[in-house]
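First up is the structure itself, then whatever we jot down about it.
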Amino acid sequence: MSSEFSVLGKSVVRKDAVEKVKGEAKYISDIQLPGMLHAKFLRSPHAHAKIISIDTNKAEKLPGVKCILTFQNVSKVHPLRKFEYLLDETVHYPGEEVAAVAALTAEIAEEALRLIEVKYEVLPAVFDPKEAIKPDAPLVHQEYESNIFRGTDLVSISRLDKDGWLRLEVGDVGKGFAEAEYVLDATFGDTPIQYNCTPLPRTVICQWTGEKLICWADTQLPLFVWQDLSNSLGIPQANIRVIANYAVGGYGGKMPEKTATLTAIMAKKTGRPVKAAFSRAEDFIATHHRISYSNSHRIGVKKDGTITALYSKIIAHWGSDTSVPCICQATALLDACTMLYEWQNSKAESCGVLTNIIGYGPMNGFGDPEAIYSLERLVDIAAEKIDMDPMEFRLKNCMRYGDRAMEYEQVLYGPIQWGILGSDLSSFPRMIEKCAEV
């Protein structure tokens, strides 16, 4: 067998490199189709409100307006199995879509939005997750009867306890703390809510040919867009083609939103292609953000640097909704709280809390950085307590190739299964040393 590979270990030129460098690449926002309409979205000014009335008569009479969607003429569908509907008579965060307009130009569509008259009944709202879990807190989704996520008919997570907490436990934490010579507690402030800030705000174009739909989408996950269009529109996936050429800098943010489905509905109703291109402001207020954690940890250590036990508690601030329920939390509980160092007695638990801000989604790290930063601070505190160099403390306790590890999928579903860490973990001690050099 040849020891030389055709791809592995070699520099490979990206297929789209030349056209990008020459400025010839056509991004979704560059595409122009004959007869194409432009879509804009009316957004709620309130964090929580019920729409008492919505009058689109003036907007419909504006020359150039071809289609207006509201909750009154759109099916009650949960995109991406979320709490929200495509359009709802109750809004749950500032910026939630109230209506969609397709017109001959973006300027006409924006003028039409200003002509839509909406009367709201403003409802109590909650923005702090610690306040949201109190018994008397306003409910973000009144039909759900809880601000702690406990699963829905569309999303069932078998590892969630009845109270909505996701828990992982290894060994005997009580015994581990009893064996410790020092037990240290630390609670850290909320991690920041960050916007992915893609260089190019998202754009989607939909065009129908008979019963066949073509959707050009600036997305990292064309498969998810394909599946969600099928589910939301009630048509076979075989009738849908998703084209995701040159997705630009998503960092996890170019997840599918309901924009594609609403654009497809407008294209179907008008018989013309429809383009929805977000402004930078819209991208800020209408796309998901990084999850926020409030972290508390307790660590037990011996004077020789041995970690005897760790307990971690994470309150995860979801916002109003998410397309990835509990996945960021599961990542944090597994990678940061139970598998980063060789603590054989550990317990980690987390709950996802709903509030009246825009929902969370993936961002680089997928839940790990928000937990690891606080855990690493506690490790520093423990090393200082026993007067041990922080690097040596980490090298003594870090996971290595061949150590026992949990299987990821079972963190959310089914009983925990175990495996052995691969050879890529051999570099972990060296990484710690390199970080210390910096």
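Any chance you could check the Cα centroid distance between the range 197-226 and the range 20-74 for me, in angstrom?
Rounded to whole Å, the Cα centres lie 15 Å apart.
Quick one: which of LYS258/LYS347; LYS26/LYS269; LYS20/LYS269; LYS212/LYS258; LYS15/LYS82 span more than 30 angstrom between C-alpha atoms? Before the final figure, lay out each step's value.
Values: LYS258/LYS347 37 Å; LYS26/LYS269 27 Å; LYS20/LYS269 35 Å; LYS212/LYS258 19 Å; LYS15/LYS82 36 Å.
Over 30 Å apart, Cα to Cα: LYS258/LYS347; LYS20/LYS269; LYS15/LYS82.
Helix 222-233 versus the longest principal axis of the chain: what is the Cα-based angle in degrees, 0 to 90, to the nearest 10?
50 degrees
How big is the charge dipole of the range 79-231 about its Cα centre, in debye rounded to the nearest 20, if each Lys and Arg gets +1 on its Cβ and each Asp and Glu gets -1 on its Cβ? Intermediate results must be reported in sequence, preceding the final value.
Working: 13 positive and 27 negative charges, 86 e Å.
Once rounded to the nearest 20, the dipole reads 420 debye.
Need one number: nm distance between label points at ALA186 and GLU376, each 7 Å from Cα along Cα→Cβ, rounded to one decimal.
So the two model labels end up 1.2 nm from each other.
Just read off the accessible area of ARG272 with the full protein assembly in place, 1.4 Å probe, to the nearest 10 Å².
For ARG272, solvent-accessible area is about 70 Å².
Sorted by mean Cβ packing within 10 Å, highest first, what order do the peptides 125-138, 201-214 take? It would help to have the intermediate numbers written out before the result.
Numbers: 125-138: 15.4, 201-214: 18.9.
Ranking, from highest mean packing down: 201-214, 125-138.
Projecting each Cα onto the charge dipole of the chain (Lys/Arg +1, Asp/Glu -1 at the beta carbon, about the Cα centre), which of ALA49, PRO429, ILE372 comes out farthest on the positive side?
Selected residue: ALA49.
At 7 Å along Cα-to-Cβ for each site, give me the label-to-label distance between LYS212 and TYR401 in nm.
Distance between label points: 5.1 nm.
Express in nm, to one decimal, how much length is gained between TYR246 and ALA281 on full extension, taking 0.36 nm for each residue of separation and deducting their alpha carbon distance.
Working: separation 35, 0.36 × 35 = 12.60 nm, distance 2.18 nm.
Net length gain for the segment: 10.4 nm.
From the residues VAL225, GLY64, LEU200, which one has its Cα farthest along the dipole of the chain in the positive direction, the dipole being from +1 and -1 charges on Cβ of Lys/Arg and Asp/Glu about the Cα centre?
Highest projection toward the positive end goes to GLY64.
Which residue, ALA25, ALA102, ALA348, has the most motion in a Gaussian network model of the chain that connects Cα atoms within less than 10 Å?
In the Gaussian network model the winner is ALA25.
Leaving ligands and nucleic acids out of the surface, order MET391, MET266 by accessible area at 1.4 Å, largest first. If you can, show how the numbers build up before the last one.
Working: MET391 50, MET266 0 Å².
Sorted descending by solvent-accessible area, the residues read MET391, MET266.
Where does helix 428-437 land angle-wise versus the long Cα axis of the chain, in degrees 0 to 90, nearest 10?
90 degrees
Work out the length of the dipole vector of the chain about its Cα centre, built from +1 on the beta-carbon of each Lys and Arg and -1 on the beta-carbon of each Asp and Glu, and round it to the nearest 20 debye. Walk me through the numbers on the way to the answer.
Values: 48 positive and 56 negative charges, 282 e Å.
Its charge dipole is roughly 1360 debye.
In terms of Cα to Cα distance under 20 Å, which aspartates and glutamates are near enough to LYS22, apart from those fewer than 8 places away along the same chain?
Of all the aspartates and glutamates, those that pass the test against LYS22 - Cα under 20 Å, at least 8 places apart if same chain - are ASP30.
Relative contact order of the chain, please, whole-number percent, based on alpha carbon pairs below 8 angstrom and at least 6 residues apart.
Dividing the mean separation by the residue count of the chain yields 18 percent.
With the dipole of the chain worked out from charges on the C-beta (+1 for Lys and Arg, -1 for Asp and Glu) around the Cα centre, which of LEU33, GLY300, PHE393 lies farthest toward the positive end?
My answer, from the dipole projection, is LEU33.
Can you tell me the dipole magnitude for the range 335-438 around its Cα centre, using point charges on the Cβ only (Lys, Arg +1; Asp, Glu -1), in Debye to the nearest 20?
On the way: 9 positive and 17 negative charges, 27 e Å.
Computed charge dipole of the range 335-438: roughly 120 debye.
Grab the Cα-Cα distance for ARG114 and ASP136, subtract it from 0.36 nm times how many residues apart they are, and report the gain in nm with one decimal.
Between ARG114 and ASP136, full extension yields 4.2 nm more.
Where a Cα-Cα gap under 17 Å defines reach, which aspartates and glutamates qualify for LYS61, not counting those fewer than 8 residues away within the same chain?
Correct list for LYS61: GLU107, GLU110, GLU111, GLU117.
Would you kindly state how much longer the chain becomes between GLU24 and THR152 on full extension, computed as 0.36 nm times their sequence separation minus their alpha carbon distance, in nm to one decimal?
41.5 nm
Taking the chain as a Gaussian network, Cα atoms linked when under 10 Å apart, which of LEU166, LEU395, LEU139 shows the biggest mean-square fluctuation?
LEU395
What is the antiparallel percent of DSSP beta bridges lying wholly in the chain, to the nearest 5?
Details: 58 of 76 bridges.
Of the beta bridges lying entirely in the chain, close to 75 percent run antiparallel.
With the chain treated as a Gaussian network of Cα nodes joined by springs under 10 Å, which of VAL242, VAL77, VAL21 yields the largest mean-square fluctuation?
In this elastic network of the chain, the residue with the biggest mean-square fluctuation among VAL242, VAL77, VAL21 is VAL21.
Less than 18 Å from a label point 7 Å out along the Cα-to-Cβ axis of ALA238: which backbone N atoms in the range 184-217 qualify, by residue?
209-214, by backbone N distance to the label point.
Tell me which aspartates and glutamates have Cα within less than 16 Å of LYS134's Cα, excluding those fewer than 8 residues away on the same chain?
GLU145, ASP163
The values are calculated or read from the model by the stated rules, or taken from the named source; none is laboratory data. Given the structure is predicted, the values throughout are model-derived calculations rather than measurements. Neighbour counts run over all protein chains shown; Cβ positions are idealised from the backbone, glycine included. Side chains are part of the model used for accessible areas, which takes the heavy atoms of the whole protein and leaves out ligands, DNA and RNA. Shrake-Rupley method; radii C 1.70, N 1.55, O 1.52, S 1.80 Å.
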